[in-house]
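Visitor: Would you mind keeping the following structure in view while I ask a few things?
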Amino acid sequence: MTTLPLVKIAGASNAHDSAREHVTGAARYVDDMEQTQGLLHVAIGSSAIAHGKLVSLDLDKVRACAGVVDVMTFADLPHTTDIGPVFPGDPLLVESIISHLGQPLFVVAATSHRLARQAVLLAHAEYEEEAPVLDIVDAVSKQVFVRPPHTMQRGDSKTALDNAPHRLQGELQIGGQEHFYLEGQVARARPEEDGGVTVWSSNQNPTETQHLVANVLGIAMHRVNVVVRRMGGGFGGKETHATACAVFASLFAGRNQVSVNCRLSRRDDMIMTGKRHGFLNRYDVGFDDEGRIVGIEYMLAGQCGHSPDLSDAIVDRAMFHCDNAYYFPDVTIDGLRCKTHTVSNTAFRGFGGPQGVMAAEAVIDEIAFALGRDPLDIRRINLYGNTERNITPYHQKVETFTVPRLLNELEQSSDYQARREAIRQHNQSNNIHKKGIAITPVKFGISFTVKHLNQAGALLHIYSDGSAQINHGGTEMGQGLMVKVQQIVAQELGMSLERIAVMATRTDKVPNSSATAASSGTDLNGMAALMAAKEIKQRLVAYLIDKHKTSEACIRFSADCVLISHEEQVDDANVCADDNAGGTMYSWPELAMSAYRDRVSLSATGFYRTPQIHYDREQAKGQPFYYFANGAAVTEVTIDTLTGETEILRTDILHDVGQSINPVIDIGQIEGGFVQGAGWLTHEELSWDAKGRLLTDGPASYKIPAIGDMPHEFNVSLLADSPNDAATVFHSKAVGEPPLMLAISVFAAIRDAIASLDNHQQFPVLNAPATPEEVLRACTLIAAKRSA
Amino acid sequence: MIQFLYQDERVALDSAEADLTVLDWLRLHRHRPGTKEGCGSGDCGACTVVTVSVKQDDSGQPVLHHESINSCITFVGALHGKQLLSVESLAQGETLHPVQQAMVEEHGSQCGFCTPGFIMSMYALYQQDEPVNQLRVKIDQALGGNLCRCTGYRPIKAAASKALDYREAQVGSKDAQSGLSDSVNHSDALISRLQILSATVADANGFLQPKTLDTLSGLFKSNPQARLLGGGTDLALEVTQQMKTLTQIIHVSHVPEMRLIEVHADHLVLGAAVTLSECLTLMSDRLPAVRELLLRFGSDQVRNQATIGGNIGSASPIGDLPPLLMALDATLTLRCGDTSRTVPINDYFTGYRQTVLQEGEFVLQVTIPLPAHDSLIAVHKISKRTEDDISSVCMAIHLPQNNGVTQGARVAFGGMAAKPVRAVNTEQALEGSRFDQVTVHAAQAALATELHPIDDARASAGYRLQVAINLLQRVLLGAGK
């Protein structure tokens, strides 16, 4: 008897495909590439003022500096000079107008990275300075925008507010966030014989970079090949802001006909590349005696920096998420894209969504305080319903909404009610250290809200020895996309993982890819790869049917073999065939060689586009999201009321990833997203001086979480038995961004702890990040009013 | 000539630039790109490597000592007489080292860029000649200088713990007490190779490594524009951040007097080149109150390099040791040419990064009086982040007790002025009184008007003052326990 068990590969907790290379140092990143003969290194000279005009630029000393081979200014740019990804506004080099401090004025290519950086310091620029607008409050009051305001509306919020039994207004400022990917921006360009260029780039968006390199060089896209094997972290920061390095390296490579490396120092990276948008959010909410929201109006103002970049879509996503998990009967949302003379802010995990969810959770907390209720009760009463109260402000129906189940299970598993009581008692007997607890959900819309981006391609080769290569348009930045796609292909073809090589993402293998962003990597590229695998499988099945005069039902691909039995295979657990009865087992080398010799094509492309989605932005109506990802977290903190220092004592997370393709990879995304979000809301503080100079320009002053900052107790679980109702790849759900918003439970818990200073009689005015200084300020305010 | 081992290979450098970093040597000269540059300032740990040097154990026997350091801010000359190990050094063929194996099994890498640094920090922990159960509580300390932006750290901690399990499981065939192989930390062949290398002349092109105090002080007196190098955690930033070229460096750590450690019943004498890691070991027993401060001073990688003299010499207003040393009435021995003088640390700082040091003069030793057992000592550091952050406010308070009243009160601050300062009016308010709520209120009132803190990206002046005042209350609350 020959047995061929069904092996479940999709769903297994396989290690990251590069784990072994990571731990041995063998994994290569762009800056690790060979130092080729004549290799040049780029450094960028940048503006020392935030706003004004460049009057003169003296580069004589730069040119004369040891090691300098080439220097470029605006006048040297051969073709397109703007690298704005959606709208113009991002000049590659300044011509005259300066709109932020750190804006590139000129670039130097030298024989070493160090010599290039030393050379740029010798430039002398003269400016005509103008007064800059530097912060969001100023920009809102001056009404300066990079894109026009946009409004979403359903019902009549004004009448609803006027008639509401209770009504309150609030304001919340939310700081931005530096990506702090451990590998800074970097690209390597090699000139090719046809006038084209090959670019190795740490980049979430190879096609966009291919497009912009071609535009700047004035050549067709087919002459530019962009290659991305892996990034040392991306988080959105390499979606559009990876382009400049690639373009500068390509320009110098063309001019000098040598390979060129462009790597930003950490300080340059922090000063010259965009961050998460800071927001100023205002709300006016009406509610009934039970705390049920009857009407709401929002103003969400994002600090975009000096240019549009992706800010239209980012502020839109904030607007799409200021409901979070809650139903608003009558609602108006105004979204502002404010212009400041700071670096252009860009995509960052959540893409505006977190700033919207922060507003929603502030509203809920403030209602709870006003009514003297536990915020969890107010959250529950406002949740979207399944059959009614289920229409979002943008008129999409909320379906398969797992938040009620998540909250119930988490309330039990985290022992929320008993701990809430224990905290109340602790706070009564402790004057200095106050504890707080909060449970917050997240509902996050999955799909690019720009419809055409929701497509992906893949390319699968099987070689005559039975080994395979999979290419697709998605990029690996640590999120485990490659191993998930490998698992998907392996599952479909019944191959072992080892048989399938994960290839670098290349624009000459899969064209017209979208950025690996919006949590869509696996949904889009996994599905495209699955389509390619199905295509080859179908060809092989047809071939085997013909060759063995059998039927499809008698062929099984599993356990790294292909079995043709005499009887139809009905038993899913085990398949048995009797060798003596003439069943045939192929190993993959045997099958591939046989198919090759019989001239069967073993290469196929796959293509996927997300179904059902549509959105009319003019009307702010439609179904922009294919489905929603859900999760919930409960966090307990303690604050020190003498110093404002905060500790995260415990966090429990229950998250819905649908039917997981790789549980350990998904848990890694959830844990990492949560801690990154907690950093954003606690000690990651961006600070500029009055001239627009970023003061927090390195890890000595900008503090991302360190090992002691993860919750002292950290329990993360995946929601069981919850396959995605939408027809996603193996009914999984996207996981990249949603968990970041679970960290809002930390912020709400801090607010809860501060409020205990006055027995929850006052709603603490707390802005993000809740640094020790901000927490102490909020505590002092509460204490002052209490004693007054 | 600078001589060291990279793995098993002897490296001899004579003409390298004086300010060549270990990171650039590995990546650019040796084409070993496994070690990464994350920040170039010693704050992220992606460039962590391990150095192995010969030290003496308690019985005076030579043993191998493993230390994690940031290779981005270490000059290659500082490797003289040591062995350098990078992430490429650990696996034996296809067999991963237990720390690597544990990281794979616990899914401790995502993007992988910080991973080599974590591996080396874990390896340094793994190799410490201490029982495993003592190492388990040091995981956060050992990894506190490594930043990861992807994982949230949970699987990395789990991997460190698992690696120690693997070490423990090897007990039996290995040293029963520590679980470490005899051959690992007591390899006679490696010890003697390193001893031979150490004994060689270490001077190289622009990188001088005097071995006697007279040579050092003579060199510096005749060449005062040369830069003195202790650990280099501050000096190297001029190269990697300000893009300066340093052509003349005098490394002080081979001079025995600079490395002096004397423990007396009532005081300590420490050479200026004693590292903060060594201070931590020494002071943890004798001054438990300062242990927490030292654990929050930089990271293991920084403490393994940074010196007590460097922290005093750089005269930063936010250095963490000066307030403590001021509260303890430490004195400094300064050396210039062949003359020495003694200066109370309270008279040493004269302004923003200004001191009484004359041209060609340097800090030789620090004498630290140990407080009486009934003295009240407290040190508090406030920063945005607990690990590896710079103080917004650092307060050291020392209240000697005489029949229940304070005599000789010292209250010193970092971050509250352009230089480390004592709050003399606050001291006055504490002097001659019982340390109780009434006294603290008086001290708080005095403090509210006597200092004018700095305002920067770390904290506002108002916050600093408020916290400083509140910290006096914190000390009182602590004293009651």
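Just so it is clear, none of the values below were taken in a lab; they were calculated from the coordinates. Worth saying up front: this structure is predicted, and the values here are computed from it rather than measured. Reconstructed Cβ throughout: ideal geometry from the backbone, glycine too, with neighbour counts over all protein chains shown.
Visitor: Under a straight-distance cross-link criterion of Cα-Cα below 15 Å, which aspartates and glutamates are reachable from A:Lys451, leaving out those fewer than 8 residues away in the same chain?
Guide: A:Asp312, A:Asp316, A:Asp523, A:Asp616, A:Glu618
Visitor: Above 21 Å lies some portion of the pair distances; for segment B:278-420, what is it as a whole percent of all C-alpha pairs? Don't skip to the answer; put the middle values down first.
Guide: Values: 4302 of 10153 pairs.
I get 42 percent for the Cα pairs in segment B:278-420 exceeding 21 Å.
Visitor: Right, another one. Can you return the lysines within cross-link range of A:Lys434? Criterion is Cα-Cα under 23 Å, with same-chain partners fewer than 8 residues away left out.
Guide: Qualifying lysines at Cα under 23 Å: A:Lys785, B:Lys381, B:Lys384, B:Lys481.
Visitor: Scanning chain A for helices, which whole DSSP H stretches are 24 Å or more long along the axis (Cα) and average -1.0 or more by Kyte-Doolittle?
Guide: Working: long enough: A:353-371 (28 Å, 0.97); A:527-548 (30 Å, 0.28); A:663-681 (27 Å, 0.62).
Membrane-span-like by this rule: A:353-371, A:527-548, A:663-681.
Visitor: Okay, moving on. Using +1 at the Cβ of each Lys and Arg and -1 at the Cβ of each Asp and Glu in the protein assembly as shown, identify which of B:Ser316, B:Gln110, A:Ser756 lies farthest towards the dipole's positive end.
Guide: Sorting the options by dipole projection puts first B:Ser316.
Visitor: Moving on to the next point. Where the only charges are on Cβ atoms (+1 Lys, Arg; -1 Asp, Glu), what is the dipole of the protein assembly as shown about its Cα centre, to the nearest 20 debye? Don't jump to the answer; show the numbers that get you there.
Guide: Working: 107 positive and 143 negative charges, 173 e Å.
With only Lys, Arg, Asp and Glu charged at Cβ, the dipole is about 820 debye.
Visitor: Classify segment A:1-153 from the C-alpha gyration tensor, please: rounded if a/c falls under 1.5, else prolate or oblate depending on whether a/b exceeds b/c.
Guide: Working: a/c = 3.16, a/b = 1.42, b/c = 2.22.
Cα axes put segment A:1-153 in the oblate bin.
Visitor: At a Förster radius of 56 Å, what calculated FRET efficiency corresponds to the Cβ-Cβ distance of B:Ala448 and B:Arg136, to the nearest 0.05?
Guide: On the way: r = 44 Å, r/R0 = 0.79.
The calculated FRET efficiency here is 0.80.
Visitor: At most 10 other C-beta atoms within 10 Å and a DSSP loop state: those are the exposed GluC sites (Glu not before Pro) I care about. Give me the longest piece of chain B that has none.
Guide: Numbers: sites that count: B:Glu94, B:Glu359.
Counting only loop sites that pass the neighbour cut-off, the longest clear stretch is B:95-358.
Visitor: Under the rule a/c < 1.5 gives rounded, and otherwise a/b versus b/c splits prolate from oblate, where does segment B:2-198 land using the Cα gyration tensor?
Guide: Details: a/c = 1.86, a/b = 1.09, b/c = 1.71.
Since a/c reaches 1.5 but b/c is at least a/b, the shape of segment B:2-198 is classed as oblate.
Visitor: For segment B:424-470, compute Rh as the Kirkwood radius over C-alpha pairs and then the Stokes-Einstein diffusion coefficient at 10 °C and 1.306 mPa s; write the answer in µm²/s, rounded to an integer.
Guide: Details: Rh = 11.2 Å.
D, rounded to a whole number, is 141 µm²/s.
Visitor: Report the FRET efficiency, 1/(1 + (r/R0)^6), for A:Glu421 and A:Lys8, where r is their Cβ-Cβ distance and R0 is 45 Å, rounded to 0.05. Don't skip to the answer; put the middle values down first.
Guide: Numbers: r = 44 Å, r/R0 = 0.97.
According to the calculation, E is roughly 0.55.
Visitor: Quick one: grab the alpha carbon gyration tensor of segment A:64-197, order the square roots of its eigenvalues as a ≥ b ≥ c, and give me rounded if a/c is under 1.5, else prolate or oblate depending on whether a/b is larger than b/c.
Guide: Working: a/c = 2.71, a/b = 2.35, b/c = 1.15.
Judged from the Cα gyration tensor, segment A:64-197 comes out prolate (a/c at least 1.5, a/b above b/c).
Visitor: Give, as a single signed number, the net charge of other residues whose beta carbon lies under 12 Å from the beta carbon of B:Asn470, with Lys and Arg counted +1 and Asp and Glu -1. Don't jump to the answer; show the numbers that get you there.
Guide: On the way: positive: B:Arg464, B:Arg474; negative: A:Asp640, A:Glu645.
Counting the neighbours of B:Asn470, the net charge comes to 0.
Visitor: If you don't mind, there's one more thing I want to ask. Given all pairs of different Cα atoms, what value in angstroms does the Kirkwood hydrodynamic radius of segment A:615-673 take?
Guide: Kirkwood radius, segment A:615-673: 15.1 Å.
Visitor: While we're on this one: To make sure I understand, if each residue's beta carbon is the centre and we count other beta carbons within 10 Å, what order do A:Phe607, A:Phe448 fall in, fewest to most? Please list the in-between numbers first.
Guide: Numbers: A:Phe607 14, A:Phe448 23.
The most exposed by this proxy come first: A:Phe607, A:Phe448.
Visitor: How far, in nm, would the chain grow between B:Gln428 and B:Ser15 when pulled straight, counting 0.36 nm per residue and subtracting the alpha carbon separation?
Guide: Extra length available between B:Gln428 and B:Ser15 comes to 142.9 nm.
Visitor: Can you give the local net charge around A:Leu59? Use residues other than it whose beta-carbon is closer than 14 angstrom to its beta-carbon, Lys and Arg +1, Asp and Glu -1.
Guide: Here the count lands on -3.
Visitor: Expressed in whole Å with the largest first, what are the equivalent ellipsoid semi-axes of segment B:202-254 derived from the C-alpha gyration tensor as the square root of 5 times each eigenvalue? Intermediate results must be reported in sequence, preceding the final value.
Guide: On the way: eigenvalues 80, 25, 18 Å².
Those come to 20, 11, 10 Å.
Visitor: Please give every one of the aspartates and glutamates within straight-line cross-link reach of B:Lys211, meaning a C-alpha to C-alpha distance under 17 Å, and leave out same-chain neighbours fewer than 8 residues apart.
Guide: B:Asp203, B:Glu257, B:Asp338
Visitor: With no solvent and one point on each alpha carbon, what is the Debye value of log10 I(q)/I(0) for chain B at q = 0.08, 0.13, 0.14 Å⁻¹?
Guide: At q = 0.08, 0.13, 0.14 Å⁻¹ the computed log10 ratios are -0.50, -1.27, -1.42.
Visitor: In nm², what is the average projected area of the convex hull enclosing the Cα atoms of the protein assembly as shown? Working shown, then result.
Guide: Details: hull surface 202.6 nm².
Mean shadow area of the hull around the Cα atoms is 50.7 nm².
Visitor: Using the count of nearby Cβ atoms within 10 Å as a rough guide to exposure, how do A:Ser201, A:Ser467, B:Ser383 rank from fewest to most?
Guide: Numbers: A:Ser201 30, A:Ser467 16, B:Ser383 23.
So the ranking, lowest neighbour count to highest, is A:Ser467, B:Ser383, A:Ser201.
Visitor: Now for a separate question. If Rh is defined by the Kirkwood formula over all Cα pairs and Rg also comes from Cα, what ratio Rg/Rh do you get for segment A:246-389? Could you put the intermediate results ahead of the total?
Guide: Values: Rg = 20.9 Å, Rh = 17.5 Å.
On the Cα set of segment A:246-389, Rg over Rh gives 1.19.
Visitor: Find how much the distance from B:Gln92 to B:Ser161 grows on full extension, using 0.36 nm per residue of separation minus their present alpha carbon separation; answer in nm with one decimal. Intermediate results must be reported in sequence, preceding the final value.
Guide: Values: separation 69, 0.36 × 69 = 24.84 nm, distance 2.15 nm.
Here the segment from B:Gln92 to B:Ser161 would lengthen by 22.7 nm.
Visitor: Holding the Cα-Cα limit at 22 Å, pick out from A:Lys443/A:Lys703; A:Lys275/A:Lys484; A:Lys238/B:Lys36 the pairs that are longer than that.
Guide: On the way: A:Lys443/A:Lys703 28 Å; A:Lys275/A:Lys484 28 Å; A:Lys238/B:Lys36 19 Å.
Cα-Cα > 22 Å for A:Lys443/A:Lys703; A:Lys275/A:Lys484; rest within.
Visitor: Something else now. If one computes P(r) from the Cα atoms of segment B:228-289, what percent of pairs lie at distances over 13 Å?
Guide: 69 percent
Visitor: Taking the Cβ of each residue in A:Tyr298, B:Tyr123, A:Tyr29 as the centre, tally the other Cβ atoms inside 10 Å and list the residues starting with the fewest.
Guide: Values: A:Tyr298 27, B:Tyr123 24, A:Tyr29 20.
Ordered from fewest to most neighbouring Cβ atoms within 10 Å, A:Tyr298, B:Tyr123, A:Tyr29 come out as A:Tyr29, B:Tyr123, A:Tyr298.
Visitor: For every other residue with a beta carbon closer than 12 angstrom to the beta carbon of A:Thr73, add +1 if it is Lys or Arg and -1 if Asp or Glu, then tell me the sum. Please list the in-between numbers first.
Guide: Details: positive: A:Arg63; negative: A:Asp58, A:Asp70, A:Asp76, A:Glu95.
Result for the local shell: -3.
Visitor: What relative contact order, as a whole-number percentage, does segment B:272-337 give when Cα pairs under 8 Å and 6 or more residues apart are counted?
Guide: Details: 47 pairs, mean separation 23.4, N = 66.
For segment B:272-337, the relative contact order is 35 percent.
Visitor: Here's a follow-up. Please report the spacing between the Cα centers of segment B:245-269 and segment A:350-424 in Å, no decimals.
Guide: The two parts, judged by their Cα centres, are 60 Å apart.
Visitor: Moving to a separate point now. Hey, how many Å between the Cα centroid of segment A:196-248 and the Cα centroid of segment A:727-788?
Guide: A separation of 38 Å, based on Cα centres.
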